[in-house]
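**Q** Below is one structure. I have some questions about it.
The values are calculated or read from the model by the stated rules, or taken from the named source; none is laboratory data. No experiment lies behind these values; they were computed from the predicted model shown. Glycine gets a Cβ as well: all are built from the backbone with ideal geometry, and neighbour counts include every protein chain shown. Calculation scope for accessible area: heavy atoms of the full protein, side chains included, ligands and nucleic acids excluded. Shrake-Rupley method; radii C 1.70, N 1.55, O 1.52, S 1.80 Å.
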Amino acid sequence: MTTDPMNAPEAASNVPAVAQAVAAPLTRAAIFLVATLNSGPANRATLRSFCGDLAGLLRAVEFRDLEGGLSCVVGFGSEAWDRLFGPPRPAELHPFREIRSGARHAVATPGDLLFHIRAKRMDLCFELASQIMARIGNAVSPVDEVQGFRYFDDRDLMGFVDGTENPRGAAVAEAVLIGDEDAEFAGGSYVIVQKYLHDLDAWNALSTEAQERIIGRKKLSDIELDDSVKPTSAHSALTTIVEDGKEIKILRDNMPFGRPAHGEFGTYFIGYSRSPRTIEQMLDNMFVGRPPGNYDRILDFSRAVTGILFFVPSATFLENVADDQTFEDQPAVAESSAAPAAAETPSSIASSSVSTPSVRDGSLGIGSLKGDTRHE
């Protein structure tokens with residue numbers, strides 16, 4: 001899957017685990033494909049067999065343009081993990097935690113499999129997605145497919161730069177790769193995806209200064225507003241997470257998408273993290289507020305229409321999946337994916353070990369809206 005150049009932590013067997021391409025360079029094009037796993041042992045066997053075949057399938061497409069930067073990351077939802085792999089489970093894998101607060105709603109939607117396909121050219125993404133579906137199409141049911149694109153100088157469709165605070169260098173592995181805390185799954189990562197639709201007519205009716213106060217950054221220069229003028233409800237303030245005095249980073253590869261003739265304009269948020277608690281705390285701050293009621297005003301103009309948590313195992317794990325072992329279809333795990341937070345009160349996420357964030361950072365992509373400067 002074009003394995004990740006990052007050095008992954010050692011697995012429980014003391015053999016270094018090779019990560020999937022979580023930190024592949026940011027690209028001009030992407031396809032986000034979400035599907036559910038059809039019931040039945042034959043379909044589970046197809047998916048297990050596919051795990052070991054995906055790397056070879058990607059190499060076959062990649063070889064047609066070695067400079068195209070093609071990569072693919074595959075993730076698995078909580079219920080799908082039980083059906084495909086059984087125990088043990090990644091320590092923090094669970095259904096996406098829905099949040100309701102006032103008119104704001106972070107929805108939880110179906111999704112067993114995520115394919116995050118990236119390349120410099122959309123035709124490479126398209127070809128790989130086509131080959132993947134030709135291989136597993138009868139075993140899954142697609143529920144969402146989004147073709148994303150880079151928009152001018154890494155801006156979202158609301159006009160702000162996206163992803164400014166992505167970690168860089170060695171900090172990437174620290175932010176996204178599991179280590180000794182769950183040694184059996186070292187080299188893995190968690191990823192949360194949400195599809196946001198924007199009311200651009202209402203947004204563009206605001207003055208530039210009003211937009212900047214909502215985001216927490218200057219629109220043209222991308223410079224963060226001074227704390228003396230930046231509201232505590234600014235997106236960049238609410239999406240900064242600090243634990244034990246240290247800012248906890250995530251890695252984002254958000255992309256705009258849309259259909260202008262249909263009035264559809266959106267941002268596909270995708271955030272990778274060593275623990276899902278970090279992104280969950282960001283979302284709680286945004287939708288409920290910090291303190292409750294001091295919510296992210298970007299949600300007055302943007303609506304989440306999907307929400308799913310996946311676990312991204314290491315490439316080493318995928319290559320070692322045996323295709324002759326299947327598990328019975330299981331009901332969803334006890335924790336409901338649709339358990340909302342109490343309106344205008346912090347959800348159960350807020351009681352996690354992530355501490356109250358500080359008011360700094362500067363991002364927008366529902367966790368940041370600018371490309372990582374490593375790849376600019």
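**Q** Calculate, for the stretch 1-155, the solvent-accessible area per residue in square angstrom, rolling a 1.4 angstrom probe over the heavy atoms of the protein chains.
**A** Here the per-residue accessible area is 40 Å².
**Q** Now for a different question. Heavy atoms only, probe 1.4 angstrom, no DNA, RNA or ligands counted: give me Arg259, Arg44 ranked by accessible area, highest first.
**A** Working: Arg259 120, Arg44 5 Å².
Sorted by accessible area, descending: Arg259, Arg44.
**Q** Give me the net charge of Glu92's neighbourhood, meaning all other residues with Cβ under 11 Å from the Cβ of Glu92; Lys, Arg count +1, Asp, Glu -1.
**A** Cβ neighbours under 11 Å give a net charge of 0.
**Q** So how much slack lies between Glu67 and Ala202, counting 0.36 nm per residue of separation and subtracting their Cα-Cα distance, in nm?
**A** The Glu67-Ala202 span can extend by a further 44.5 nm.
**Q** Next up: Please report the accessible area of Ser130 (heavy atoms, 1.4 Å probe, ligands and nucleic acids excluded) in Å², nearest 10.
**A** 50 Å²
**Q** Then there's this: Would the stretch 74-199 count as rounded, prolate or oblate if I go by the C-alpha gyration tensor, calling it rounded below 1.5 in a/c and otherwise prolate when a/b exceeds b/c, oblate otherwise? Each step should come with its number before you reach the end.
**A** On the way: a/c = 1.29, a/b = 1.17, b/c = 1.11.
Rounded.
**Q** Return the carbon/sulfur percentage of the accessible area of the stretch 196-284, one whole number, probe 1.4 Å, all protein chains in place.
**A** 53 percent
**Q** Note down the net charge around Gly77, summing +1 for each Lys or Arg and -1 for each Asp or Glu among other residues with Cβ under 10 Å from its Cβ. Kindly include the intermediate steps, with their values, before the conclusion.
**A** Working: positive: Arg83; negative: Glu79, Asp82, Asp112.
Value of the local net charge: -2.
**Q** A further question follows. When the chain is fully extended, how far beyond the present Cα-Cα distance does Glu145 get from Val305, taking 0.36 nm per residue of separation?
**A** 56.3 nm is the gain from fully extending Glu145 to Val305.
**Q** Considering only protein heavy atoms and a probe of 1.4 Å, how much of the accessible area of the stretch 44-145 is carbon and sulfur, as a whole percent?
**A** Its accessible area is 51 percent carbon and sulfur atoms.
**Q** Sticking with this structure for a sec: Accessible area of Glu174, 1.4 Å probe, to the nearest 10 Å²?
**A** 100 Å²
**Q** Taking Cα centroids, how far is the stretch 136-181 from the stretch 228-289 in Å?
**A** About 12 Å separates the Cα centre of the stretch 136-181 from the one of the stretch 228-289.
**Q** At 1.4 Å probe size, put His262, His198 in order of accessible surface, largest to smallest.
**A** His262, His198
**Q** OK, next. Name the lysines eligible as straight-distance cross-link partners of Lys246: C-alpha to C-alpha under 28 Å, and not fewer than 8 places from it in the same chain.
**A** Lys218, Lys219, Lys230, Lys370
**Q** Okay, next question. Subtract the Cα-Cα distance of Val321 and Ala60 from 0.36 nm times their separation in residues, and report this length gain in nm to one decimal.
**A** Gain on stretching Val321 to Ala60: 91.9 nm.
**Q** Report the Stokes-Einstein translational diffusion coefficient (µm² s⁻¹, integer) for the stretch 110-168, Rh taken as the Kirkwood radius over Cα pairs, at 25 °C with viscosity 0.890 mPa s.
**A** Calculated translational D: 176 µm²/s.
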